[in-house]
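Here the structure comes first, spelled out in structure tokens, and everything after it is commentary.
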Amino acid sequence: MARAIILVMDSFGIGHAPDADKFGDVPANTFAHLAQYYFEQTQQKISLPNLASMGLVDACLAAGKETFPIENYGLSQGAYGYAAEISSGKDTPSGHWEMAGVPVLFDWGYFPKTVPSFPKKLIESINNATGFAGVLGDCHASGTDIIAKLGNEHIKTGLPICYTSADSVFQVAAHEEHFGLDNLYSYCETVRELLDDYNIGRVIARPFIGENSDDFVRTGNRRDYSVLPPAPTVLDKFCQAGGHVISVGKIADIFAHQGISEKTKATGIDALVDATISHLTSAQDNSLIFTNLVNFDQDFGHRRDAVGYAKALEAFDKRLPEIFAAMNNDDVLFLTADHGCDPTWHGNDHTREYVPMLAYHHDIASVDLGERSTFADLGQTIAEMFNLEKLEYGQSFYKNLFKKHN
Ligand SMILES: O=P(O)(O)O[C@H]1O[C@H](CO)[C@@H](O)[C@H]1O
Ligand SMILES: [Mn+2]
Ligand SMILES: [Mn+2]
């Protein structure tokens, strides 16, 4: 029996989605624009030989319909396509749940872009439940900007920094030592309970260290408190059928720990790839290794750092042969993303984009999977691969992966 590996390159969009106008995101294109910007800044073309051989460049050219500078690359050897999202939001849980077969067709609650942003009644109930006198922030913000701005006041007053974004989130930044990590986590757990009436997808604990605004830096101890997906995902079905789901990175948090058999956390793309490879060398048959590479989004997309994003892609690309080498003959690797976050775009929020839908196994022939109308095609493919009951959403492309070589 085979194993499947899903690598989610968090925020790696490849062209504005058909409904991007509703989000004000025409013509965002995370990949094409970061490659263009990288070339303008460094006079070097981005070089991604392994991703390109999987079909990434062809997928992006078809999805984004714009050319961009890229180092010479050969013919695609894998299965490649691009997928649009049917979920109402362009957030991380919606993207992941949809790829696991459960799109979010309801509207999340959001906090307005006003100051204060959070309802007075909510903040009062948080203060009452936690015993804190108030919160700092209470606005839309970039997480790194707001700790630089309010970190000193936070240390002085002991009050948590609470902020949000265009996503359905309530984020809490607090100093790991002065405020304490456990205190931050329990504060977030309390907030999570109080948010149920507001239909908010996630509370995120954002711990940081450092002693002043020049050197405050967020740590790897981020924790996401998500609501449960609205229906059983392919992960739940796979576990029920005796499969083993291994979460690497924040996958378990995103699925509210449901449909997960085992989890490993790691900080940074290299460490996340290391953990993935380590599981690949030991995972039993009938396993799904599901990895989220959050740093593309968190460290580069939201930070609007196109050059950093390009370099991180090149570094990740160099690691792919190690992943291929750790795969058995009947294993299948899927590579995709959960939304876009164009680092050349205005503001610091996600962008509504197509995502790559790439697949690889040792005997794969080049196959164009074309445009996929939902990320759920991935979940449906996993369902077919492991002989699970068909999911409600998505079209499987499993059989296309075994096309004969020309
Ligand atoms: O600016 P930071 O704290 O990284 O926050 C970003 O991360 C959250 C989750 O993707 C988004 O809602 C966005 O606000
Ligand atoms: Mn994401
Ligand atoms: Mn994000």
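Read-outs throughout are calculated quantities, based only on the coordinates presented, and are distinct from any laboratory measurement. Everything numeric here is computed off the predicted structure, so don't read it as measured data. With ideal geometry, Cβ positions are generated from the backbone for all residues, glycine too; neighbour counts draw on all protein chains shown.
In nanometres, what is the gap between the two model label sites at K156 and S278, each 7 Å from Cα along Cα-to-Cβ?
Label-label distance for K156 and S278, simple model: 4.3 nm.
With labels modelled as points extended 7 Å from the Cα through the Cβ direction, what inter-label distance (nm, one decimal) is found for A129 paired with S186?
1.5 nm
Does a label point 7 Å from the Cα of Q43, set along Cα-to-beta-carbon, have any residues of the stretch 299-328 with amide nitrogen under 12 Å, and which are they?
Answer for the stretch 299-328: none.
Say we join alpha carbon atoms closer than 10 Å with springs in a Gaussian network model of the chain; which of T276, T267, T351 then has the biggest fluctuation?
T267
Compute the distance from the alpha-carbon center of the stretch 306-338 to that of the stretch 117-194, in whole Å.
35 Å
Stretch A271-N328 to full length: gain in nm at 0.36 nm per residue minus the Cα-Cα span?
18.4 nm
Go through the stretch 179-186 residue by residue and turn each phi into a ³J(HN,Hα) via Karplus (6.51, -1.76, 1.60, θ = phi - 60°); whole Hz please, and just put x for glycine and proline.
8, x, 5, 5, 5, 5, 5, 6
With the crude spin-label approximation of a point 7 Å out along Cα→Cβ, what separation in nm comes out for D107 versus E193?
The modelled label-to-label distance comes out at 3.0 nm.
Let me know the charge dipole size of the stretch 120-226 about its Cα centre in debye, to the nearest 20, where only the beta-carbon of Lys, Arg (+1) and Asp, Glu (-1) is charged.
Roughly 160 debye for the stretch 120-226.
Taking amide H positions as placed 1.01 Å from N in the peptide plane, with prolines and chain starts having none, which residues 5 or more places from L369, or on another chain, fall under 5 Å of its amide H?
Long-range HN contacts for L369: Y80, G81.
State, as an integer percentage, the relative contact order of the chain based on alpha-carbon contacts under 8 Å between residues 6 or more apart.
29 percent
Using Cα springs under 10 Å in a Gaussian network model of the chain, which residue among V294, V234, V26 shows the largest mean-square fluctuation?
In the Gaussian network model the winner is V26.
Work out the length of the dipole vector of the chain about its Cα centre, built from +1 on the beta-carbon of each Lys and Arg and -1 on the beta-carbon of each Asp and Glu, and round it to the nearest 20 debye.
120 debye
Would you kindly work out the equivalent ellipsoid of the chain from its C-alpha gyration tensor and give its semi-axes, the square roots of five times the eigenvalues, largest first in whole Å?
After scaling each eigenvalue by five and taking roots: 35, 24, 20 Å.
What GluC sites (Glu not before Pro) does the stretch 343-390 have in DSSP loop regions with at most 12 other beta carbons within 10 Å?
Taking the stretch 343-390 and a limit of 12 other Cβ atoms within 10 Å, the loop GluC sites (Glu not before Pro) found are E389.
Given +1 on the Cβ of Lys and Arg, -1 on the Cβ of Asp and Glu, and no further charges, what dipole in debye does the stretch 1-144 carry about its Cα centre, rounded to the nearest 20?
Taking the Cα centre of the stretch 1-144 as origin, the dipole is about 200 debye.
What pairs in K149/K263; K45/K65; K318/K399; K65/K390 have C-alpha atoms more than 26 Å from each other?
Checking Cα-Cα distances, K149/K263; K318/K399; K65/K390 exceed 26 Å.
Restricted to Cα positions, what overall size does the stretch 333-386 have along the principal axes? Three whole-Å values, descending.
42, 21, 17
Taking every pair of alpha-carbon atoms in the stretch 120-226, what share in percent sits in each 10 Å bin, from 0 to the bin with the longest distance?
Over the stretch 120-226, the share of Cα pairs per 10 Å bin runs 16, 54, 28, 2 percent.
Which FRET efficiency value, to the nearest 0.05, is calculated for D368 and L228 with the Förster distance at 60 angstrom and r the Cβ-Cβ distance?
0.95
How big is the shadow of the Cα convex hull of the stretch 174-306, averaged over all directions, in nm²?
Hull-based average projected area comes out at 10.0 nm².
Within 10 Å of each candidate Cβ there may be at most 12 other Cβ atoms; applying that plus a DSSP loop requirement, which trypsin sites (Lys or Arg not before Pro) in the stretch 36-127 survive?
K65, K113
Could you run the Karplus curve 6.51 cos²θ - 1.76 cosθ + 1.60 with θ = phi - 60° over the stretch 348-365 and give me ³J(HN,Hα) per residue in whole Hz, x for Gly and Pro?
My calculation for the stretch 348-365 gives 9, 9, 5, 10, 7, 9, 5, 10, x, 10, 10, 9, 8, 9, 5, 10, 6, 9 Hz in order.
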